[in-house]
C-alpha cells in the first residue's frame, strides 16, 4: 500500500486537471471543488496500489459529476431567468487560466455543452478536450468503445458550429471592453451603435437573488435603448473594478447600479460585440468576491 505522502502527492499532481474537468462538466467552480474534495476522500481510502492514478482519479471525478448532473438539471428547470456558468477568471488562479486557455473552451461553447446529454458531454470532454483514448473513456463511462465513439460523434456534430472562429487581438479586445463599459455606463447610444452587432443579445443571470433581465434581450436598437434608460434612472453609476478574461472571452468585473457585484463577458466577432453575458447571482460570484476582498451579497440600496 502506498505511503500517505505518496498518495497525497499523486492526488495533488492531478488536482488542477480534475478541477478543470469538474468545472467543464458542471459549469460551477464551487461544485467542482466539492467533487474534487470527495474524490480525494475516496482516493485516500483506496488500499491497493494504483498503476495509473490519473486515469483512476479521472474515473472517480467523471462518475461523481454524472451523478451531480442529475440533480443539477432538475434545479435548472426551475431556475429563475437565464442560467450562465459560474465565471472562471484566470486572475483568480493563474494555473487555472493556463489550463482554461489550453482546452480552448469559450463561454459560448460551455453554453452549447448544456444541450448535450450528460454522457455526450463526458465523452466529448474526456476524448476531444482532455485527450483520453476512446478505450479509456469507455472504461470511465462503463460503456463499450463503439457506444462511446457514437457519443463523441453526436457531441461533435452538435458543437461544430460553436467552436471558436473569431480570434481577437488582446489589445483590440481590451479597447472594446473599456469602450463598451464607458458607453453602457453613460448610456451613449452613438458609441454603443459603433460597438454592437445588429443582432447583439444580452444574457443576464441573477438567479432570482438580485435584479436581472429574465429574458434574453436581442437587437441593437433594444440594447441601446436599454442602456440609455438605465443611465437616466441610475443614482449610482457602475464602477469598473478590473478587466479580465472570462472563460476565454474578454470582459470585466464591476460594481453595478446599487453596488451589485457582476461580471460581464463580451463575445466579439468581426470587431463587433455579438453577445453580452452578465452574471449577477451572488452564489456564483463568491470566488470573485473573495479575490477582490468585497461582498458578493450586496443588494440594491434601500432594500
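No lab work stands behind these numbers, since they all come straight from the coordinates. Just so it is clear, the model here is predicted, and its values are computed rather than measured. Reconstructed Cβ throughout: ideal geometry from the backbone, glycine too, with neighbour counts over all protein chains shown.
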Computed helical MRE - 222 nm, the chain, DSSP H runs ≥ 4 contributing -39500 (n - 2.57), nearest 500: -16500 deg cm²/dmol
Label point at residue 80 placed 7 Å out along Cα→Cβ; residues across segment 259-283 whose backbone nitrogen lies under 14 Å: 280-283
Relative contact order of the chain, pairs being alpha-carbon contacts under 8 Å that are 6 or more residues apart, as %: 17 percent
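First check a/c for the chain, with a ≥ b ≥ c the square roots of the eigenvalues of its C-alpha gyration tensor; if it is under 1.5, answer rounded, and if not, answer prolate when a/b is larger than b/c or oblate otherwise. Could you put the intermediate results ahead of the total?
Working: a/c = 2.21, a/b = 1.77, b/c = 1.25.
Prolate, because a/c is 1.5 or more and a/b exceeds b/c.
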Gap separating the Cα centres of segment 1-55 and segment 177-246, nearest whole Å: 40 Å
Difference of contour (0.36 nm per residue) and Cα-Cα distance, residue 63 to residue 222: 52.9 nm
